[in-house]
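Visitor: Take a look at the following structure, please.
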Amino acid sequence: MNIVSLILTISGLIFFFGGAIGIIRLPDFYTRLHAAGKLDTAGLLLTMSGLAVYTVSELSLGSLFTAAKIMFIVMLIFITSPTATHAIIDAGFIAGLKPWTKQDQITARESEPTDSQEE
């Protein structure tokens, strides 16, 4: 039981780490929020499930109630996190934030001065 708990918890931490890298590295508001949504939902689901499995390993009534509460929190986050992410993205779209395109990157590179232009 402890091995399953450890695997779930480490998997959740990997999702958290990957999502944090995605928030830092991705180019615009929309892709960063996509990474944040995945980080929040999948990372929390796996980490808290690992905690619930660890709690149930003693098999008492109190540990079952605690695991049920943990899984209730997971279900609540699983429903509200994508909804909140969608609402934030919708607000950004209404505010006029344009999605990043490959053309934006090409245009930015062309407008940068090169070494020969600076002399």
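No lab work stands behind these numbers, since they all come straight from the coordinates. In this text, all values refer to a predicted model and were calculated from it rather than measured experimentally. Reconstructed Cβ throughout: ideal geometry from the backbone, glycine too, with neighbour counts over all protein chains shown.
Visitor: So in the range 18-41, with the set limited to residues that are hydroxyl-bearing (Ser, Thr, Tyr) and either more than 8 Å from the chain's Cα centre (by Cα) or exposed (fewer than 15 other Cβ atoms within 10 Å of the Cβ) (or both), which one is farthest from Ala91 (Cα to Cα)?
Guide: Step one: filter the range 18-41 for residues hydroxyl-bearing (Ser, Thr, Tyr), giving 30-31, 41.
Narrowing further to those that are either more than 8 Å from the chain's Cα centre (by Cα) or exposed (fewer than 15 other Cβ atoms within 10 Å of the Cβ) (or both): 30-31.
Values: Tyr30: 11, Thr31: 15 Å.
Restricting to residues being hydroxyl-bearing (Ser, Thr, Tyr) and either more than 8 Å from the chain's Cα centre (by Cα) or exposed (fewer than 15 other Cβ atoms within 10 Å of the Cβ) (or both), the top hit is Thr31.
Visitor: For the range 73-108, which positions are among the hydroxyl-bearing types (Ser, Thr, Tyr), farther than 18 Å from Ala42 by Cα and in a helix (DSSP H, G or I)? Quick ask: steps written out before the conclusion?
Guide: Looking only at the range 73-108, we keep the residues that are among the hydroxyl-bearing types (Ser, Thr, Tyr), and these are 80-81, 83, 85, 101, 107.
Narrowing the set further to residues that are farther than 18 Å from Ala42 by Cα leaves 101, 107.
The answer is Thr107, and nothing else.
Visitor: So, Thr66, is that one surrounded by fewer than 17 Cβ atoms within 10 Å (Cβ to Cβ), out of contact with any Phe, Trp or Tyr (no Cβ under 8 Å at 6 or more places or on another chain) and farther than 25 Å from Ala91 by Cβ or not?
Guide: Details: surrounded by fewer than 17 Cβ atoms within 10 Å (Cβ to Cβ): yes; out of contact with any Phe, Trp or Tyr (no Cβ under 8 Å at 6 or more places or on another chain): yes; farther than 25 Å from Ala91 by Cβ: yes.
It is true that Thr66 is surrounded by fewer than 17 Cβ atoms within 10 Å (Cβ to Cβ), out of contact with any Phe, Trp or Tyr (no Cβ under 8 Å at 6 or more places or on another chain) and farther than 25 Å from Ala91 by Cβ.
Visitor: Of all residues in the range 29-60, count the ones that are in contact (Cβ under 8 Å) with a residue 24 or more places away in the chain and either touching a Lys or Arg at 6+ places or on another chain (Cβ under 8 Å) or hydrophobic (A, V, I, L, M, F, W, C) (or both).
Guide: 12
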